[in-house]
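Take a look at the structure below.
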Amino acid sequence: MKPSREISDDGRFVRQPNRFTERLGPPEPGRYRLYASYACPWAQRVLIVRKLLGLEELLEVAITDPIRDEKGWRVPGGDPEYLSELYHATDPGYTGRYTVPCIWDIKEKRIVTNDFPQITLDLEMSWGTSPNLYPERLRPDIDIMNDRLYHGLNNAVYEAGFSRSQQAYEEAVARVFTTLDFLEVRLAESEFLFDTLTDSDIRLYTTLARFDTVYYSHFKCSVRRLVDYPALWAYARRLYAIPAFRETTDFDQIKRHYYMTQTNINPSRIVPVGPELDWSL
């Protein structure tokens, strides 16, 4: 990753906007391919939803190598070999980062979307309905929760990790732990964030799955660990016990991606041993 493009004058990380934001149409077997990485929390969201909704035959998937080089994400055995080629085939003038997840239209030979917040919602609303991860009765509340999760946790850990000023870092870390404290209280007496498994749980899980392994040390979110939150830790393990969550969680790829790719934070590229965590219930 080259975060220097996304650092403001006062040292804050400002994530680039998503370039391709077309909404997904109805499913069509053999037409669409998802490009994703097990290392990326935004991409894992889509992989989880794909499995939960049983969309494997409707949405092909290509998994990238967890370690990027100067050409970006590599697709082992893929054609093309690098995700960047798809971005430039769709927009020859594209100059941003080549991000996952993105969905490629095989028929029209173009990227339809790399709009990670919207992809899961489109799949949940028009591609699969069981389980109902975005029930109409809860949509306003889910949207509010998703916004709170993004600004207070999902993206805030990156704002902390990529900060180039002490003030920016401390402000981001404060939001992270304010949000975790709020979630600990909410989940103390609840199995899920709402009365059923929803899109919000998926968005929260992918950050929790990386917290103690990566964000605590690598991104300096080190006030408390996930395991120091009894309700949140139990909640994360309940979700991990669901096959769609467990089978898309690869701690080895997560660690190798962050520690070996983000050399601006970890120039030695040494991947730490541990932490030893028991994710079983």
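Is it fair to say Arg164 is in a helix (DSSP H, G or I), charged (D, E, K, R) and at pLDDT 95 or above? So Arg164 does not fit the description; no. Here the range 34-59 is the region considered, the condition is being of a type in the set (D, E, K, R) and in contact (Cβ under 8 Å) with a residue 40 or more places away in the chain, and the residue that is farthest from Thr120 (Cα to Cα) is Lys51. Would you pick out the residues in the range 225-258 that are buried (at least 20 other Cβ atoms within 10 Å of the Cβ), part of a helix (DSSP H, G or I) and not hydrophobic (A, V, I, L, M, F, W, C)? Result: Tyr235, Lys255, His257, Tyr258.
Residues in the range 168-181 include none that are touching a Leu at 6+ places or on another chain (Cβ under 6 Å) and either outside any helix (DSSP H, G or I) or on the phi > 0 side of the Ramachandran plot (or both).
Note on the range 149-183: among residues that are aromatic (Phe, Trp, Tyr) and within 18 Å of the chain's Cα centre (by Cα), the one that is most open to solvent (accessible area, probe 1.4 Å) is Tyr150. Arg137 meets the stated requirement of being surrounded by fewer than 19 Cβ atoms within 10 Å (Cβ to Cβ), not acidic (Asp, Glu) and not in a loop (DSSP other than H, G, I, E, B).
For the range 189-212, filtering for residues that are open to solvent by 10 Å² or more (accessible area, probe 1.4 Å) and either closer than 15 Å to Val176 by Cβ or touching a residue at least 60 places away in the same chain (Cβ under 8 Å) (or both) leaves 4. All of (1) of a type in the set (D, E, K, R); (2) in a loop (DSSP other than H, G, I, E, B); (3) within 17 Å of Tyr87 (Cβ to Cβ) hold for Arg5 with one exception: (2). Put simply, of Ser200, Ser222 the only residue that is out of contact with any Ser or Thr (no Cβ under 7 Å at 6 or more places or on another chain), among the polar types (S, T, N, Q) and assigned to a loop (DSSP other than H, G, I, E, B) is Ser222.
The values are calculated or read from the model by the stated rules, or taken from the named source; none is laboratory data. Predicted, not measured: the structure shown is a model, and the values here were computed from it. Every residue, glycine as well, gets a Cβ built from its backbone with ideal geometry; the counts of neighbours run over all protein chains shown. We work out accessible area using only protein heavy atoms, side chains counted, and drop any ligands, DNA or RNA first. Shrake-Rupley method; radii C 1.70, N 1.55, O 1.52, S 1.80 Å.
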